[in-house]
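Report on the structure given below.
The values are calculated or read from the model by the stated rules, or taken from the named source; none is laboratory data. Just so it is clear, the model here is predicted, and its values are computed rather than measured. Quick reminder, even Gly has a Cβ in these numbers, built from the backbone with ideal geometry, and neighbours come from all protein chains shown. All accessible areas refer to the heavy atoms of the entire protein, side chains included, with ligands and DNA or RNA removed. Shrake-Rupley method; radii C 1.70, N 1.55, O 1.52, S 1.80 Å.
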Amino acid sequence: MAQGSTGNVIAALCSFFVPGLGQLIQGRLLSAILWFAVACIAFVVTWLITLSLLPFGWFVVSVFSCINAAVYKGARSA
């Protein structure tokens, strides 16, 4: 997939709602698992810090996951 392609846009939208889902759609299993795990950890940490008032960690990670899925250029062929 080329950067800015329809596939990357769909992957970015998926990653915005569930971090790692876009990477999974792109076929990057390890990256998908890592993004989801980081989002879960960030959610728990911010939930504990703010005493469940504003657990924004998931949102912050989902934005970065979305950007990562959007700019993915795919495997380069030699």
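Here is how the numbers come out for the structure above:
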quantity: Relative contact order for the range 7-49, counting Cα pairs under 8 Å that sit 6 or more residues apart, in percent; calculated: 28
quantity: Cα long-axis angle, helix 57-70 against the chain (0 to 90 degrees, to the nearest 10); calculated: 10
quantity: Accessible-area composition of the chain, carbon plus sulfur, in percent [1.4 Å probe]; calculated: 80
quantity: Most to least packed among 23-36, 47-60 [average Cβ atoms within 10 Å]; calculated: 23-36, 47-60
